[in-house]
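Okay, structure first, notes after.
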Amino acid sequence: MKKVTTLISCFMLIIPMAIGNKIHKAAMEKIKTEEKVLDFIRVKATMYTVSGAQTDSTPLVTASGYKLHPSNPRKHRIIAVSRDLKRKFKFGEKVRVGGVGKYNGIYYVRDVMHSRWRNKIDILINPEDKAISYNKARLYKL
């Protein structure tokens, strides 16, 4: 099975080179078209950890009641949304976050932010990860 997967991967890299960039360009156009079809919301994205200073009195339990792994909370792929976005995104809903560098990807809405925040998401990271802020993140509903 491993050899078949490796062989398929090699062909997927070699065929576009052999035929030219036409296949690659067509694939890229399809991805761009799919992104245009998906509606997104432009939000500010920040990072948070499970430290007591950044959460309430139960840092290992999200607002939805989801329990986090204490040594690797990032593996859960969780975001917190501001309360205005909570009306559009329900707990447990799968979303895609873009425009946040290495934190791009699929996440689950499992937490909510303090009421003072608007149009903002918080990405749960591990304590040793570097917290970064992004002003023009994209939040896609899947």
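Over the stretch 29-142, what per residue volume does the convex hull of the Cα atoms give, in whole Å³?
101
Given the C-alpha centroids of the stretch 39-78 and the stretch 106-129, what is the distance between them in whole angstrom?
6
A short reminder: the numbers here are calculations on the coordinates, not readings from a lab. What you are looking at is a predicted structure, and each value in this text was computed from that prediction instead of being measured.
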